[in-house]
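To keep things clear, I will list the structure first and then write my remarks on it.
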Amino acid sequence: AQKVTQAQTEISVVEKEDVTLDCVYETRDTTYYLFWYKQPPSGELVFLIRRNSFDEQNEISGRYSWNFQKSTSSFNFTITASQVVDSAVYFCALNDYKLSFGAGTTVTVRA
Amino acid sequence: EPEVTQTPSHQVTQMGQEVILRCVPISNHLYFYWYRQILGQKVEFLVSFYNNEISEKSEIFDDQFSVERPDGSNFTLKIRSTKLEDSAMYFCASLAFFGQGTRLTVV
């Protein structure tokens with residue numbers, strides 16, 4: 001069975017601080033995809049990144065970076081120099097023809 | 001950039017009524033999905049649809065629910081005899097790309 005765990009329920013930071021969101025997953029598949037989504041207060045799910053299980057290279061996109069470690073089944077997400085607009089719920093998800101989501105981490109960035 | 005479009009954005013319905021949620025997925029995608037998110041909870045898989053038929057469904061997707069692709073472009077989720085606990089955000093997805101959601105409120 002697929003399982004995604006986001007242990008952090010809520011994180012609150014002051015603007016310009018870095019914030020790291022943890023994601024740990026379980027799967028028996030050798031080929032899989034991992035995702036991060038942002039859900040702002042307006043409610044939509046915004047795709048941030050997809051990473052396949054064979055690509056452990058870390059990725060940076062602007063202020064966002066992702067650290068995929070297959071050995072520990074983790075796919076962590078860091079927001080550098082956080083801004084108020086980063087306030088949202090962030091979901092990690094695992095794909096095996098459908099997405100299994102973690103419970104989400106609510107990030108609040110205070111000015 | 002291609003996108004998934006859902007209508008309506010909000011729907012309020014009386015308990016016991018039927019609702020149809022509509023989605024226009026990304027045209028060249030083959031897999032479509034419906035997910036549900038009860039307020040404050042995580043996103044849950046309902047059903048996947050491939051080649052004009054259901055490929056997988058969750059235990060949530062019981063006889064109250066049905067999906068169809070009536071005209072080759074639209075993808076609908078029908079909920080019969082709605083209950084209060086059906087109140088949620090319903091998302092349509094093409095592969096990993098989500099529509100903006102339909103917020104269903106059953107009163």
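Within region A:1-25, the set of residues being closer than 20 Å to B:Tyr35 by Cβ and assigned to a strand (DSSP E or B) comprises A:Lys3, A:Val4, A:Thr5, A:Tyr25. For the residues A:Ser71, A:Ser82, A:Ser100, the requirement of being away from every other protein chain (no Cβ under 11 Å) and either in contact (Cβ under 8 Å) with a residue 60 or more places away in the chain or closer than 28 Å to B:Leu30 by Cβ (or both) singles out A:Ser82. Of all residues being within 13 Å of the chain's Cα centre (by Cα) and open to solvent by less than 70 Å² (accessible area, probe 1.4 Å) in region B:39-57, which is farthest from A:Glu10 (Cα to Cα)? Just the residue, please. Checking each candidate, the answer is B:Phe49. For region A:46-102, a tally of residues being of a type in the set (A, V, I, L, M), farther than 24 Å from B:Val4 by Cβ and modelled with pLDDT of 95 or more returns 3.
Here is the figure for region A:1-52: residues that are within 10 Å of another protein chain (Cβ to nearest Cβ) and closer than 11 Å to A:Val107 by Cα total 1. Of the residues making up region B:81-107, those that are under 13 Å from the mean Cα position of the chain (by Cα) and more than 14 Å from chain A (Cβ to nearest Cβ) number 1. The set of residues from region A:55-111 being assigned to a loop (DSSP other than H, G, I, E, B), open to solvent by less than 50 Å² (accessible area, probe 1.4 Å) and of a type in the set (A, V, I, L, M, F, W, C) comprises just one member, A:Ala81.
The values are calculated or read from the model by the stated rules, or taken from the named source; none is laboratory data. Quick caveat: nothing in here was measured; it's all calculated off a predicted structure. Note that each Cβ is placed from the backbone with ideal geometry, even for glycine, and that neighbours are counted across all protein chains shown. Just so you know, the surface numbers come from the protein's heavy atoms only, side chains and all, with ligands and any DNA or RNA stripped out. Shrake-Rupley method; radii C 1.70, N 1.55, O 1.52, S 1.80 Å.
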